[in-house]
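Undergrad: Have a look at this one before I ask anything.
Only the coordinates and a few stated rules stand behind these numbers; no lab work does. Please read all numbers here as calculations on a predicted model, not as lab measurements. As a convention, Cβ positions derive from the backbone with ideal geometry for all residues, glycine included, and neighbour counts pool all protein chains shown.
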Amino acid sequence: MTTITTLTGVPGILRPFKEYLKEKSLTEGSQIVYYGCAGTCTPFVELLAYATRDLGLKHLFVPLFDEKSAHVLKSVPDVGMQAGESAAVQPAIIVLMGGLAMPGVPVTIEEAKAVVSKHGVPVAGVCFQSMFEKSGWLPEISFELLIDAMIDPVTITRKE
């Protein structure tokens, strides 16, 4: 993989993702299917879906690799994107979230490779703190786009 640019903040995650999807020239209603950990990956998936809500695509969240538990992400006025009803998975693009590669998460790289192989569509990755690199997933998954953000430092202040 070749580093294209280095950006900052939440827009540095969302804008390149939106540009990537726009470049794909997907047909209206094409599925962007995000695989990740419930709770920790979900807010980031909601942000990614929200940033691309005007592209006419359908966004689904799959907890871990359990496609039977896939949920459509829908725009809720004055709230943002939220998980809704169940849906069948037919991705045009797969997005693997870095939480899947974290230690202690009950999935394997083999499961990730099986999902990627099963669908045969382009794969993007979104992670923090170089999680895909640290876990050894980079040589195993052919990411077309990888967004790797740093959350460092985290500063905590408190009234004494």
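Undergrad: R0 = 45 Å: FRET efficiency of residue 5 with residue 158, Cβ-based, nearest 0.05?
TA: Working: r = 36 Å, r/R0 = 0.80.
Calculated value: 0.80.
Undergrad: Give, rounded to the nearest 20 debye, the magnitude of the charge dipole that the range 1-156 has about its Cα centre when Lys and Arg contribute +1 at Cβ and Asp and Glu contribute -1 at Cβ. Provide the component values of the computation, followed by the final result.
TA: Numbers: 11 positive and 16 negative charges, 39 e Å.
Its charge dipole is roughly 180 debye.
Undergrad: Can you give the convex hull volume of the alpha carbon atoms of the chain per residue, in Å³? Can you show the working numbers first?
TA: Numbers: hull volume 22.6 nm³, N = 160.
Residue-normalised Cα hull volume stands at 141 Å³.
Undergrad: Hey, another quick one. So, R0 is 25 Å and r is the distance between the beta-carbons of residue 88 and residue 53; what FRET efficiency does that work out to, to 0.05? Don't skip to the answer; put the middle values down first.
TA: Values: r = 21 Å, r/R0 = 0.84.
FRET efficiency, residue 88 to residue 53: 0.75.
Undergrad: Sticking with this one: What whole number of Å gives the distance from the Cα centroid of the range 49-97 to the Cα centroid of the range 14-45?
TA: First find each Cα centre; the distance between them is then 8 Å.
Undergrad: May I pose another question? Any idea which of 121, 103, 155 is furthest toward the positive side of the dipole for the range 101-160, if Lys and Arg beta-carbons carry +1 and Asp and Glu beta-carbons -1?
TA: 155
Undergrad: Using a Cα-Cα cut-off of under 15 Å, which aspartates and glutamates could be cross-linked to residue 24, ignoring same-chain neighbours fewer than 8 residues away?
TA: 54, 144
Undergrad: Further question on the same structure: Place +1 on the Cβ of every Lys and Arg and -1 on the Cβ of every Asp and Glu in the chain, take the dipole about the Cα centre, and give the residue among 75, 142, 91 whose Cα lies farthest towards its positive end.
TA: 75
Undergrad: Which one, 61, 9, 39, projects farthest toward the positive side of the charge dipole computed for the chain from Cβ point charges (K/R +1, D/E -1)?
TA: Farthest along the dipole direction, towards plus: 9.
Undergrad: In straight Cα distance, which lysines are under 21 Å from residue 68, not counting same-chain residues fewer than 8 positions off?
TA: 58, 113, 118
Undergrad: Among the DSSP beta bridges whose two residues both lie in the chain, what percent are antiparallel, rounded to the nearest 5?
TA: On the way: 8 of 28 bridges.
Roughly 30 percent of the DSSP beta bridges within the chain come out antiparallel.
Undergrad: Can I ask one more? Could you give the length gained on full extension between residue 75 and residue 142, defined as 0.36 nm per residue of separation minus the Cα-Cα distance, in nm? The partial results should precede the final answer.
TA: Values: separation 67, 0.36 × 67 = 24.12 nm, distance 3.04 nm.
So the extension gain works out to 21.1 nm.
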